[in-house]
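What follows is a structure written as structure tokens; I'll ask about it next.
Read-outs: derived from the displayed coordinates by stated rules, not from any lab. Here the structure is a predicted model, which is why all the values come from computation and not from measurement. Note that we place each Cβ from the backbone using ideal geometry, even for glycine, and neighbour counts take in every protein chain shown.
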Amino acid sequence: MASLLAAVPARAQDNCAKRPVTSVYSMEVGGARNLSTYLSPLYYSGLDMALSGSWTKDFQRWSDRCVMRFEAAVDFNYTENPIGNANMPALTARFNWGMGWKHQFAGKWKLTVGPMIDIYGGALYSLRNGNNPVTAIAYAGFDAQASLSLNMKWGKIPVVLTDEVRIPAIGAFFCPGYGESFYEIYLGNRRDLVHFGWWGNAFAIDNLIALRLDLGKTGLQVGYRFDMRNFKANNLQTGLMRNAVVIGIIPNY
């Protein structure tokens, strides 16, 4: 009996060792270009900063074929109009969870594809507008995600080149009516606020190209992210686009 009880935690430790969690914590700095026709017909451009993280782990039953992934990010940018006499800060956050089927080929290449749950929200605030100064953003849906990686070496340093892409497929998003104030929504005018989202009215892409360097117990990730989201409904358009340099730490790499 004692030997059986001793074997249970040992087996659990073996399963955890076979399925380690790869965590990446990153800071992203770059530029943003936003549009909200609810607030202004002009594009606003400026500085963008974000904190992001990803956690990847092999699935318990099919560790050689399936992987689970969770991602989260908080993004802040401060933009101004082309004339420079108005500013529009924006704060957004996203959460993603999904599974991917992985396949290794040609020895050093690995491909992963699968679906992800996508929850995204935030707000753009016009410092100039007195009425209707805020554009609220809310989206929930499913993404198609894929990643391609190549293992190689720079001298004695193991390096992994990765390209990760996410594209929302279907979902739902919030958009008020043209000229409709949030006070009117509060009073009960809630028609046509939620819209079915697809590539025609809610297109987005998140592409991260990065190098991961194995520095011993800690890894370093250096890369570039292009992130764009665009929503169209009720004769209104909201678009957020950013380009950022990504620097991340990979503990216990």
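Test of understanding: what is the full-extension gain from residue 99 to residue 187, defined as 0.36 nm times their sequence separation minus their Cα-Cα distance?
Values: separation 88, 0.36 × 88 = 31.68 nm, distance 4.16 nm.
27.5 nm is the gain from fully extending residue 99 to residue 187.
In what order do 88, 68 fall by count of nearby beta-carbon atoms within 10 Å, going from fewest to most? Numbers along the way, then the final one.
Working: 88 28, 68 17.
By the 10 Å Cβ count, ascending: 68, 88.
How much length is gained on full extension from residue 247 to residue 161, taking 0.36 nm per residue of separation minus their Cα-Cα distance? Walk me through the numbers on the way to the answer.
Details: separation 86, 0.36 × 86 = 30.96 nm, distance 1.42 nm.
Using 0.36 nm per residue and subtracting the Cα-Cα distance, I get 29.5 nm.
Further question on the same structure: Please compute, for the alpha-carbon atoms of the chain, the extent along each of the three principal axes and give them in descending order in Å.
The Cα atoms of the chain stretch 70, 46, 34 Å along their principal axes.
How far is helix 2-18 tilted off the main Cα axis of the chain, in degrees rounded to 10, range 0 to 90?
Roughly 50 degrees, rounded to the nearest 10.
Moving on to the next point. Can you put 175, 66 in order, fewest other beta carbons within 10 Å first?
Values: 175 26, 66 16.
Fewest-to-most Cβ neighbours within 10 Å comes out as 66, 175.
With every atom except the alpha carbons ignored, what do you get for Rg and Dmax of the stretch 28-103, in angstroms?
Final numbers for Rg and Dmax: 18.3, 58 Å.
Please work out whether the stretch 74-158 counts as rounded, prolate or oblate from its C-alpha gyration tensor, where a ≥ b ≥ c are the square roots of the eigenvalues and a/c under 1.5 means rounded, while otherwise a/b larger than b/c means prolate and anything else oblate? If you can, show how the numbers build up before the last one.
Working: a/c = 4.81, a/b = 2.09, b/c = 2.30.
Cα axes put the stretch 74-158 in the oblate bin.
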